[in-house]
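Taking it in order: structure first as structure tokens, then the write-up.
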Amino acid sequence: MDRLAAFFIFCSGCDERILKQAPTEFNKYVGIGATVFFTGLFAMMASGYALYTVFGNLFTSILFSLLWGLLIFNLDRYIVSSMKKKGSFFADWTMALPRIVLAIIISLVISKPLELKIFETEIYSEIVSMQQERRKQHEDLLNARFAADLTRIDGDITRYKSELNGLKDIKDKRVGEALSEADGTGGSKIRNMGPIYKAKQQAATLAESDYNTGVQKITPMLAEKEAEKKKLLALRDTELANMQKVALTGFASRMEALDRVAQKSHAVFIAGIFIMLLFIAIETAPMFVKVIADRSPYDYLLDKIEHEVALDHREITTLRSLEVNQKLNFENQTRSHRNQELIKAENELFSHAINSEMEELKNSARSLKDYLSRGSILKDAGNI
């Protein structure tokens, strides 16, 4: 067994000592181990690209991608190695279903960064469009902020110009009427400088005076409003010029761009589906191989070892239980015997104490009797 095959056997989570007793299973577990290894490798590559778009630092991206690849590799190895063929369709699928769901989730996580790399050109073009849209939105917001003031100033300027134009129209009309009266082309149709002409000339002079007064009054205000408008426009243009380009280089922006490209292009959408299905197939292939295939010699050997270990454990547990029960029985018997001896000794002590008390009482009674006897003798002697 060469080193590469031994490494793939390790990746499959298979016990090499058991596998040596079932050589027909060798190629199967080498293939499973290779699938687990390359899945971890793809996970490392995908996470490396995704992390580089986030951090923009090669060393950091390599470090975290190695950690992520090892995590996915270890998780896949555990999922595959923990699946044991039971020989029952329902039991096998019940055991495999949660592992297959987990494998599908892992494949989705792996496939998305690779999709971003595969469709990088389309995504970049879409990001340019997104940047233009965001800039247009910012410009609209900026214009909306200045719109009220500009509208007010434009209204004032229009009103001032309308007043000046109105005064000018009246002046021109009055001057025209006076001239047409003077040359006979209008009014009375008589060419003369009579009273009618003088009246119209006076009206024209008054209109011209009103116009000149209006010009003197309105022109400064109009100039002020135009200067204010020019200042606002300059400020708006300055803010537009200082507006920074919208940066859409993050992972979320690329995901959004990929989604927009998929919505616009049916080919990209179908390609993304097939890439995702490919990784799902790669990730779940070892589990489906174990579920669909018949019980192999390796499975029987593994069951045999597990059964022997279970029997040994049961035997050890039983012996230990018997030992503990015997010890407990011995301790109970010893304790019972000790209690009986203690009770017997206490009874003997109690009996001895009672006997001693009885003897003392008897001795006391005898002494009292002797004392009374001596008292009676002395009394008789006194009477004599």
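The values are calculated or read from the model by the stated rules, or taken from the named source; none is laboratory data. All values derive from a computational prediction rather than experimental measurement. A quick note on method: Cβ atoms are made from the backbone with ideal geometry, for glycine too, and the neighbour counts reach across all protein chains shown.
Assorted remarks:
- Criterion: in contact with a helix residue (DSSP H, G or I) (Cβ under 9 Å, 6 or more places away or on another chain) and surrounded by fewer than 12 Cβ atoms within 10 Å (Cβ to Cβ) - qualifying residue of 213, 205, 284: 213
- Beta carbons closer than 8 Å, at least 6 apart along the sequence or on distinct chains, pair a first residue in the range 278-290 that is more than 21 Å from residue 91 (Cβ to Cβ) with a second that is acidic (Asp, Glu) for 283/76.
- On the stretch given as the range 164-189, residues that are surrounded by fewer than 15 Cβ atoms within 10 Å (Cβ to Cβ) and at pLDDT 75 or above total 3.
- Residue within the range 81-98 that is modelled with pLDDT under 80, acidic (Asp, Glu) and assigned by TED's automatic domain parsing to the domain that holds residue 273 present: yes
- Residue list for the range 305-319, filter: of a type outside the set (S, T, N, Q) and either in the same structural domain as residue 27 (by TED's automatic domain parsing) or exposed (fewer than 12 other Cβ atoms within 10 Å of the Cβ) (or both): 306, 307, 308, 309, 310, 311, 312, 313, 314, 315, 316, 319
- Condition met for residue 75 (closer than 18 Å to residue 9 by Cα and either within 19 Å of the chain's Cα centre (by Cα) or part of a helix (DSSP H, G or I) (or both)): yes
For (1) at pLDDT 80 or above; (2) surrounded by 10 or more Cβ atoms within 10 Å (Cβ to Cβ); (3) not assigned by TED's automatic domain parsing to the domain that holds residue 149, each residue gets a yes or a no:
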residue	(1), (2), (3)
225	yes, yes, no
256	yes, yes, yes
260	yes, yes, yes
265	yes, yes, yes
273	yes, yes, yes
277	yes, yes, yes
303	no, yes, yes
321	yes, yes, yes
326	yes, yes, yes
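- Condition check for residue 94: more than 22 Å from the chain's Cα centre (by Cα) and closer than 30 Å to residue 78 by Cα: yes
- Members of the range 8-55 found to be outside any helix (DSSP H, G or I) and in contact (Cβ under 8 Å) with a residue 12 or more places away in the chain, listed by number: 13, 14, 15, 21, 22
- Boolean, residue 335 is in contact with a Gly (Cβ under 8 Å, 6 or more places away or on another chain) and surrounded by 10 or more Cβ atoms within 10 Å (Cβ to Cβ): no
- Residue pairs meeting the criteria (Cβ under 8 Å; at least 6 apart or on separate chains; first over 17 Å from residue 241 (Cβ atoms), in the range 114-143; second among the acidic types (Asp, Glu) and surrounded by 12 or more Cβ atoms within 10 Å (Cβ to Cβ)): 130/256
- Flag if residue 283 is among the charged types (D, E, K, R), modelled with pLDDT under 80 and in a helix (DSSP H, G or I): yes
- Some residue of the range 139-152 being within 36 Å of the chain's Cα centre (by Cα), surrounded by 14 or more Cβ atoms within 10 Å (Cβ to Cβ) and more than 22 Å from residue 255 (Cα to Cα): yes
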